[in-house]
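Single-structure report; data block below.
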Amino acid sequence: MIGSKSGSRALLAPRWAISLLCAALTVPTCAAADLQASGTRDLTQMSLEELMNEPVTSVSKKEQKLSQVAAAIFVINQEDIRRSGALSIPGLLRMVPGLDVAQINANTWAISARGFNHQFSDKLLVLIDGRAVYQPTSGGVNWDTQDVPLEDIERIEVIRGPGATVWGANAVNGVINVITFQAKDTQGALLTAGGGTLDKAFGTARYGGAIGEEVSYRVFTKYLDRSDLTDLNGQNANDGWHLLHGGFRVDGTFTPKDSVTLQGDLYSGREGAIIEHIESIATSDNENVRRNADLAGGNVLGRWNHVVSSRFDTTTQFYFDRYTRSGPESNEERNTIDFDYQQHLILGSRQDLVWGAGYRRSADRIGGTIDESFIPSARTLQLFSAFLQDEITLRPERVFLTIGMKLEHNDYTGFEVEPSIRMAWTPTSRNTFWAAASQAARTPTRDDVSGEFNIAAFPLPDGTPAVATIDGNYQEKSEHLLATELGYRVQANTWISIDVATFFNQYRDLRSVEPRVPFAVSGPVPYTEIPFVFGNLLHGTTEGIEASAHFKITDRWTLSPGFAWLKMHLRADSISLDTTTAANIEGSNPGRQAQLRSSLNLSHGFSWDTSIYFVDGLPAQQLPSYTRLDTRLSWRPAERVELSLVGQNLLKERHVESNDIGTSVTASQVRRSAYAKVSWRF
């Protein structure tokens, strides 16, 4: 909901946690760490050539070397995850240059790439093992329920820029693909447990085994309990969060040419929030009220890969996803089924072709309140899609041209065509230049088309009540992007690698909020409605630079700096009456972001990891820039046991990262915190 925001006041953080952390960090910095018992490779022990040639699959839905991909892609591997000290996927994504990660309250985040960040970042597509978690009600992702055990994640591939040619609508400014380990790679038992000043208690229990030689499995259960933050007035924000999550994965190879995956999850939890609520229209009474949301859901996914020959394979995937959210503003339940078929063919010596088709059906039921409602309250949406992408080798090992197109049909806007062309040139094995041009579309959401939102009640000059509203538009169009990108990767020598990407994006048909003529409502309480309606009367451009590097200072110490610069130029069309949305979007995205991550192996099984992040201020939200410091000290007293102590947001007692007027919950202050954790594998 849209409403006014109040000022902030800082509180003191628990000093004992900070003192304990500082004392623990006073250790000698010499000698190499012991071998990692987790089965993952230590980042500081990997050569830069190995890092640059990690396999990735998200750009073309087939395996490629990272160094040769014609896209701005960043990979977070399991060793990055282990040493980050993060406890959630949003926490991990802070390390991606060009990705804006802003925590709104204890359980809600705004995450986007290349601008347009808000709670419902509808231009970023997120997948978990090929299952899309983009929700079509408001757009974006419910990050509070994407609670994958971090120890199960093999890697996270983040594409900055369009990925619509293979992934479809809403992959406009980026794609995040979370890929978990196969069951055979997580054999044995794992127990983790911890707690601290903010994350009061958390833990994971996982067991992996085998049935014969062909079938491997794992099962897990995970729990978290996070305490409340403080609101902008220094009071309790009542936004605590707890979640219980369980799941399984089975991988089997039944013939030399056939492999099958079956996996699923169930979760249940509760979280709090403070929302802005119209208490009474008659008395023009708006208030901030505490509300709880009950969370429940689950999914099951099956995938069959069939190898016809060394040059031809097929993949068939099906999943069912269901979730319910009761609060804080409305009650929603959604059931989604998705079917996807794909073929991969190598034609001759120069063509590598991938094509596929898909169908998705998503049915919802949303209960309304005095603040918001949907007409109709229940709707079923269908999506049909097909794509074709061909990688053509123009010169072996040197020049690659990739052309592709996605064709989709949705119930709101009909057909959408999303083509792309990419080229990679590797003049030497250590250098890659690439360029790309792509089109992508963001299709309307339920909010855009059929939502009805009461924003605020207020008295008119004559004392009679009035209500400001925003209504959906049944004629809402898709937003469209034409993107051009250039990039360069280099492994200069054995101790330094650099990755730079630049982009220029042109947008049209962006969502605007257009005023309408006020009118009188007769009853049961007479009032004047001041209406606004969604439109597509904004356009503009964005441009930017994103850079990351790895410096291997010694065999034990790696530094990873990153930087991103963004400039947005948005304007209303000549017929638009919207005078605020463009400026609010521009001023709600940081112009500059920078980071420096350090991974250091010490003696006697100790390791020390530190990350510092700088985020520019947000003028539209009246928020200053902030710098965040996280650090982690770990110790392996035995081969399969690891103890760690983590401090987060250490430079300031608390700060605000997002206070957008378009969020559904009021903002909280992110505070300094510390926690301890133990991991035991057996």
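Worth a mention:
- Förster radius 25 Å - calculated FRET efficiency between Ala363 and His409 (Cβ-Cβ, nearest 0.05): 0.90
- Residue-wise HN-Hα coupling along the stretch 131-148, computed from phi with Karplus coefficients 6.51, -1.76, 1.60 (Hz; x: Gly, Pro): 9, 6, 10, 5, 9, x, 7, 10, x, x, 9, 7, 5, 5, 10, 8, 9, 5
- Taking all Cα pairs closer than 8 Å and separated by 6 or more residues, the relative contact order of the stretch 50-105 comes to 18 percent.
- The helix-only estimate of mean residue ellipticity at 222 nm for the chain, built from DSSP H runs of length n ≥ 4 each weighted as -39500 (n - 2.57), is -1500 deg cm²/dmol after division by the residue total.
- Two-site label geometry, Ile553 and Val417: point separation in nm, points 7 Å out along Cα→Cβ: 5.4
- Placing a pseudo-label 7 Å from each Cα along the Cα-to-Cβ vector at Phe433 and Ser268 gives an inter-label distance of 6.0 nm.
- Zone residues, the stretch 323-352, relative to Ile392, backbone N less than 13 Å from point 7 Å out along Cα-to-Cβ: 350-352
- Dipole of the chain, positive end: most advanced residue of Leu99, Phe606, Gly163 [Cβ charges, Cα centre]: Phe606
- Dimensions of the chain along the principal axes, based on C-alpha atoms and rounded to the nearest Å, stand at 76, 63, 47, largest first.
- Taking 18 Å as the cut-off, the amide N atoms of the stretch 347-375 that come nearer than this to a point 7 Å along the Cα-to-beta-carbon line of Ser309 belong to 347-355.
- Label-to-label distance, nm, for residues given as Phe614 and Thr484 (7 Å Cα→Cβ offset): 3.0
- Sparse-neighbourhood loop sites, trypsin sites (Lys or Arg not before Pro) in the stretch 577-682 - DSSP loop, at most 15 other Cβ within 10 angstrom: Arg640
- Here the accessible area is traced with a 1.4 Å probe on the protein chains. For the stretch 257-393, carbon and sulfur cover 55 percent of it.
- Shape call, the stretch 100-157: gyration tensor on alpha carbons, a/c limit 1.5: prolate
- Other residues whose C-beta falls under 11 angstrom from the C-beta of Gly414 contribute a net charge of -2, scoring Lys and Arg +1 and Asp and Glu -1.
- The local environment of Arg516, defined by Cβ-Cβ distances under 10 Å, has a net charge of -3 under the rule Lys, Arg +1 and Asp, Glu -1.
- Short-range pairs are left out: with C-alpha atoms under 8 Å and at least six residues apart, the relative contact order of the chain is 15 percent.
- Converting the Cα gyration tensor eigenvalues of the stretch 534-682 into ellipsoid dimensions via √(5λ) gives semi-axes, longest first, of 41, 19, 13 Å.
- Efficiency of FRET between Leu345 and Ala210 - r from beta-carbon atoms, R0 25 angstrom, step 0.05: 0.15
- Radius 13 Å from Cβ of Thr393, net charge of other residues (Lys, Arg +1; Asp, Glu -1): -1
- Surface analysis of the chain yields an accessible area of 40 Å² per residue, using protein heavy atoms and a 1.4 Å probe.
The values are calculated or read from the model by the stated rules, or taken from the named source; none is laboratory data. These numbers were taken from a predicted model, which means no experiment stands behind them. Every residue, glycine as well, gets a Cβ built from its backbone with ideal geometry; the counts of neighbours run over all protein chains shown. The protein model used for the area step is the full one, side chains on, heavy atoms only, and it has no ligands, DNA or RNA in it. Shrake-Rupley method; radii C 1.70, N 1.55, O 1.52, S 1.80 Å.
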